[in-house]
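Computed from the coordinates by the stated procedures, all read-outs in this text should not be read as laboratory data. Because the structure is a prediction, the values reported are computed rather than measured. Backbone-built Cβ (ideal geometry, glycine too); neighbour counts: all protein chains shown.
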Amino acid sequence: MLRNAGISDLSFMHKLILIGSQKGHFNPEFNLNQLANESLKKNLRSILNDQKRLDADLKASAFITEHNGKPIAFMILSKTQGNATEIWMMGTDPQYQGKGIASSSLDKILNKFKTNNSVVLAKCHPASEVMLRLLIKKGFEILKTGESGISLLAYNFPSPSKKPRSWSRLFKFRIRDFMLNNYLFIHY
Ligand SMILES: CC(C)(COP(=O)(O)OP(=O)(O)OC[C@H]1O[C@@H](n2cnc3c(N)ncnc32)[C@H](O)[C@@H]1OP(=O)(O)O)[C@@H](O)C(=O)NCCC(=O)NCCS
């Protein structure tokens, strides 16, 4: 069962993120630096209580998959500055991995975005091959892989126009990059 996460899920989510960051799936600083670890906890608390990320001025919401009343997987969705949605963090308790939990919760979430044609983005660290393969299987495409090896993927991303507008031809502007920056407002 997929449900909204609440403050009682904080320690479960925090623990899974720390395990994941140890393996290179999330920011390694969460494990290496006590301050980063505390900030993560505060950030999660803010997301769970107020649907607000503290590391960026963005709305975020968290979901939990339960088994026998116990949380076994989580997903955090965040808005981006260009009003797309990012699958910001996701994790399944190692004991329950490989049982289709992430696949099924992604299906539920993506169905919602499919109907209103919203753009959904995700970033994967190089260690997160399972997640990368899963996202591609669900219809995401890799837009870019940065120097750090982090890949940016998108679902429902507008295809670049086959006939670039004259202004874009004129300025040799890459439509895809333009759209990307428009959604993210980041230097990737
Ligand atoms: C990525 C992750 C969330 C997937 O969760 P999950 O509930 O195990 O995923 P599923 O059971 O739905 O499996 C999805 C696919 O991955 C495959 N898979 C799952 N675990 C795997 C493993 N350890 N090795 C290889 N493939 C694996 C499954 O076979 C399935 O593939 P298929 O659809 O072709 O059969 C989980 O591995 C995880 O928590 N990883 C650590 C954190 C992480 O990487 N988060 C993503 C960063 S945002």
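See the values below:
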item: Stretch gain in nm, segment Lys59-Ser118, where the contour uses 0.36 nm per residue and the Cα spacing is subtracted; result: 19.7 nm
item: Simple label model, 7 Å out from Cα along Cβ direction - Asp107 to Lys15, nm; result: 2.8 nm
item: Rough spin-label spacing in nm, given labels placed 7 Å along Cα→Cβ, for Gln95 and Ile7; result: 2.6 nm
item: Normalised per residue, the volume of the convex hull around the Cα set of the stretch 34-121 (Å³); result: 116 Å³
item: Fewest-first ranking of Leu35, Leu132, Leu2, using other Cβ atoms within 10 Å as the exposure measure; result: Leu35, Leu2, Leu132
item: The stretch 2-160: equivalent-ellipsoid semi-axes (sqrt of 5 x gyration tensor eigenvalues, Cα, Å); result: 22, 18, 17
item: Residue-wise HN-Hα coupling along the stretch 50-62, computed from phi with Karplus coefficients 6.51, -1.76, 1.60 (Hz; x: Gly, Pro); result: 10, 6, 9, 7, 9, 7, 7, 7, 9, 6, 8, 9, 10
item: Glu141-Asn33 pseudo-label distance in nm [points 7 Å out on the Cα-to-Cβ vector]; result: 3.6 nm
item: Convex hull volume per residue in cubic angstrom - Cα atoms of the stretch 22-76; result: 96 Å³
item: Sequence-distant aspartates and glutamates (8 or more away, or on other chains) whose Cα lies within less than 13 Å of Lys15; result: Glu38, Asp93
